[in-house]
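> The structure under discussion is supplied below as structure tokens; questions concerning it will follow.
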Amino acid sequence: MPDADAIGPGDGGPEGQDKARLVGRIFDRVADRYDLMNDLMSGGIHRLWKESFVDQLVPRLGERYLDVAGGTGDIAFRVLERVKKSGRKQNVSHTQVIVCDINPSMLSVGRDRAIDRGLLTDLSWVTGDAQQLPLPDKCVDAYSIAFGIRNVSHLERALEEAYRVLTPGGVFLCLEFSKVGDRFLKRLYRLYADNVIPMIGEWVTGSRPSYEYLVDSIRRFPDQDTLAGMITEAGFGRVAYRNLSGGVVAIHSGRRL
């Protein structure tokens, strides 16, 4: 999990279809161990980040949620569990969560996990690209994407699509690796990212290049202020961000006004 001076979304690296194919191959390889890798790489802290993310989303009864690039279901399950706790007296959630992911392997893992958890209703699985969502205009009350937006080929298109599918007043929420501010923490973080993450990836999944890509993709991702500006340019209002773990990750938010 690295951080370096951010490079803009179009600078260097594989672009367009080449990037899409590369990302697809990577997630095909690691899908069945993706969540294990998240635990190992972050020491389990990713669970706290996701809990904080869903806290900020404030799931409510009767709303329609879209979780993009969420194939294994981590965010979707948290949303449904929160809603069902809040609606326990009614004994029904009346809430829908749509999980959309471009990778069928990741969705397959998520469906199996949902069955294991007994989450058989209020949850649907859709294969689709964040840059061209297979959904109508103004159809969801909240759009979430966690650790996925940096993998899209054209970030601006993904943000435009998020705006398109949200209802007026709808919430946009993005959890993503970001830029560490503290110089000492930044140095430690880079050492860990460059040396430990690829090693763990090779040990657990047999795919060191997949996790070398992970490190590189985070380095190239825009910093907090740049991403906030891009979200604003996509049409969102009330754009803000909140750093977690010193900026290792950040939660960006906005509303379709």
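The values are calculated or read from the model by the stated rules, or taken from the named source; none is laboratory data. All values reported here derive from a predicted model rather than from experimental measurement. Neighbour counts run over all protein chains shown; Cβ positions are idealised from the backbone, glycine included.
> Taking helices (runs of 4 or more DSSP H) that do not extend beyond the stretch 123-208, which have at least 1 residues that are polar (S, T, N, Q) and touching a Phe, Trp or Tyr at 6+ places or on another chain (Cβ under 9 Å)? Don't jump to the end; show me each part of the working.
Details: elements: 155-165, 183-195, 197-205.
Where helices (runs of 4 or more DSSP H) fall fully within the stretch 123-208 and carry at least 1 residues being polar (S, T, N, Q) and touching a Phe, Trp or Tyr at 6+ places or on another chain (Cβ under 9 Å), they are 197-205.
> Can you tell which of Leu185, Leu175 is surrounded by fewer than 16 Cβ atoms within 10 Å (Cβ to Cβ) and either of a type in the set (D, E, K, R) or out of contact with any Leu (no Cβ under 7 Å at 6 or more places or on another chain) (or both)? Explain how you work it out, then say what you get.
Values: Leu175 fails: surrounded by fewer than 16 Cβ atoms within 10 Å (Cβ to Cβ).
Matching residue, one of Leu185, Leu175: Leu185.
> Moving on to the next point. Is there a residue being among the aliphatic types (A, V, I, L, M), out of contact with any Cys (no Cβ under 8 Å at 6 or more places or on another chain) and modelled with pLDDT under 95 anywhere in the stretch 88-102? Lay out the reasoning, then the answer.
Residues of the stretch 88-102 among the aliphatic types (A, V, I, L, M): 92, 97-99, 102.
If we keep only those that are out of contact with any Cys (no Cβ under 8 Å at 6 or more places or on another chain) too, we end up with 92, 97-99, 102.
Of the ones still in play, those that are also modelled with pLDDT under 95 are 92, 102.
Within the stretch 88-102 (the criterion being among the aliphatic types (A, V, I, L, M), out of contact with any Cys (no Cβ under 8 Å at 6 or more places or on another chain) and modelled with pLDDT under 95), the answer is yes, since at least one residue qualifies.
> Here is a follow-up. Working only within the stretch 151-175, note down all residues that are among the hydroxyl-bearing types (Ser, Thr, Tyr) and farther than 17 Å from Arg220 by Cα. Let's see the steps before the verdict.
Keep residues of the stretch 151-175 that are among the hydroxyl-bearing types (Ser, Thr, Tyr), which gives 153, 163, 167.
Scanning the stretch 151-175 gives Tyr163, Thr167.
> Let me ask you something else. Which residues, counting only those in the stretch 236-257, are in a loop (DSSP other than H, G, I, E, B) and buried (at least 17 other Cβ atoms within 10 Å of the Cβ)? Walk me through how you get there before you give the answer.
Of all residues in the stretch 236-257, those in a loop (DSSP other than H, G, I, E, B) come to 236, 248, 256-257.
Those that are in a loop (DSSP other than H, G, I, E, B) and buried (at least 17 other Cβ atoms within 10 Å of the Cβ): Phe236, Val248, Arg256.
> Can you find even one residue in the stretch 219-233 that is modelled with pLDDT under 95, of a type outside the set (Val, Ile, Thr), out of contact with any strand residue (DSSP E or B) (no Cβ under 7 Å at 6 or more places or on another chain) and outside any strand (DSSP E or B)?
Yes - at least one qualifying residue is present in the stretch 219-233.
> Considering (1) within 25 Å of Phe221 (Cα to Cα); (2) over 18 Å from the mean Cα position of the chain (by Cα), say which one Pro136 fails and leave the rest.
Single failed check for Pro136: (1).
> Check Val83 against each of (1) in contact with a Lys or Arg (Cβ under 8 Å, 6 or more places away or on another chain); (2) assigned to a helix (DSSP H, G or I); (3) under 17 Å from Ala146 (Cα atoms) and name the one condition it does not meet.
Checking Val83 against (1) in contact with a Lys or Arg (Cβ under 8 Å, 6 or more places away or on another chain); (2) assigned to a helix (DSSP H, G or I); (3) under 17 Å from Ala146 (Cα atoms), the one that fails is (3).
> If we keep just the residues of the stretch 210-225 that are over 18 Å from Leu175 (Cβ atoms) and aromatic (Phe, Trp, Tyr), which is surrounded by the most Cβ atoms within 10 Å (Cβ to Cβ)?
Result: Tyr211.
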